[in-house]
Amino acid sequence: MSSIPRQKPIYRFAPSPNGPLHLGHALSAFLNRDMAAAAGGRFLLRIEDIDLARCTPTFEEGVYQTLDWLGLAWETPVRRQSDHLDDYATALRTLYDRGLVYPAFLTRGEVRVRVDEAEARGNLWPRDPDGSPHYPPDDRDRDPKTREKLLASGMRHAWRLDTTRAIAEAGKDLGWSEDGDGETGTILADPAAWGDVVLSRSDAPSSYHLSVVVDDALQGVTHVVRGLDLFHATSIHRLLQRLLNLPEPHYHHHRLILDSDGRKLSKSMGDTGLLELKAAGLSAADIRRLVGL
């Protein structure tokens, strides 16, 4: 009797080319490659360039140069999100057809005014795990005729998930398997903590939340290894996976590389890039030691 071949585990490193890679990226890339090798699995590179305004070909080329210098080899072709916008549009349409998304017309400034006014009156405004205020219920509760008029007028809008309705449709027992550097075991998902998250907006055809779950499913990713800063976001990802009938990966959220002030390294804050460290004479082995491997 022949046995069914066991699928090889698939890991992925998925940076956004909106700045130079830094030590935090090196840790994540090394861990994904090392864990894939230890499990006899595959290591993929994905370019998450869905933010068309900030991601550039120059930064993308820097990703390849940096990983090559670090001694990492990945399968080709590399999946670039900007080449697969139809995949995200299809997923969004699926949610729309089930009444789980709605057009949101309030600007960031209008939301900020609403929050400031409420808190000035002493009312606590709900905030997500990252500290951002939940979106007001105005657009979610609009009557269909008013909503259609606003859409027909060409008014700019984003598409947001009706998280309350989505949770009700997803059902109970929503969680994930975790073996990272924080909580471990079976983690109970809490997508309500995020409010009605953006899934698409005028300047980005898909959000991180939507594109990452679609990409992981289409690439057959079995193990998601990423920083602890994304631990809580997994609640939204598991919700979307359940709604879209996508497979559930195993998760490992690893420690973060912090600066001397205890702040997470960030491209937007201009933290030293890996290629700068290379130019200063450091080796790939030095980088492994610097990130504690």
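Looking only at residues in region 30-79 that are β-branched (Val, Ile, Thr) and assigned to a helix (DSSP H, G or I), which one is surrounded by the fewest Cβ atoms within 10 Å (Cβ to Cβ)? Step by step, filter region 30-79, then rank; the result is 58.
Counted as qualifying within region 169-288 are the strands (runs of 3 or more DSSP E) with 2 or more residues that are modelled with pLDDT of 95 or more and of a type in the set (D, E, K, R), namely 175-179. The residue list 156, 160 contains one member that is within 20 Å of residue 102 (Cβ to Cβ), touching a Phe, Trp or Tyr at 6+ places or on another chain (Cβ under 9 Å) and not in a loop (DSSP other than H, G, I, E, B), which is 160. Of all the listed residues (214, 197, 224), the sole one being in contact with a Leu (Cβ under 7 Å, 6 or more places away or on another chain), surrounded by 20 or more Cβ atoms within 10 Å (Cβ to Cβ) and either aliphatic (A, V, I, L, M) or farther than 24 Å from residue 7 by Cα (or both) is 197. Selection over region 120-152 of residues that are of a type in the set (Asp, Glu) and either in a helix (DSSP H, G or I) or in contact with a Pro (Cβ under 9 Å, 6 or more places away or on another chain) (or both) gives a count of 2. Does at least one position in region 186-205 carry a residue that is over 19 Å from the mean Cα position of the chain (by Cα) and more than 23 Å from residue 91 (Cβ to Cβ)? Within region 186-205, one or more residues are over 19 Å from the mean Cα position of the chain (by Cα) and more than 23 Å from residue 91 (Cβ to Cβ). Considering only residues in region 14-29 that are assigned to a loop (DSSP other than H, G, I, E, B) and under 16 Å from the mean Cα position of the chain (by Cα), the one that is surrounded by the fewest Cβ atoms within 10 Å (Cβ to Cβ) turns out to be 18. In region 105-119, is there at least one residue being touching a residue at least 24 places away in the same chain (Cβ under 8 Å), touching a His at 6+ places or on another chain (Cβ under 8 Å) and in a loop (DSSP other than H, G, I, E, B)? Yes, region 105-119 contains a residue that is touching a residue at least 24 places away in the same chain (Cβ under 8 Å), touching a His at 6+ places or on another chain (Cβ under 8 Å) and in a loop (DSSP other than H, G, I, E, B). Within region 85-98, identify whether any single residue is in the same structural domain as residue 149 (by TED's automatic domain parsing), assigned to a loop (DSSP other than H, G, I, E, B) and either touching a helix residue (DSSP H, G or I) at 6+ places or on another chain (Cβ under 8 Å) or loosely packed, with under 14 Cβ neighbours inside 10 Å (or both), and answer yes or no. Yes - at least one qualifying residue is present in region 85-98.
The values are calculated or read from the model by the stated rules, or taken from the named source; none is laboratory data. Remember, it's a predicted structure, so these values are computed and weren't measured experimentally. Every residue, glycine as well, gets a Cβ built from its backbone with ideal geometry; the counts of neighbours run over all protein chains shown.
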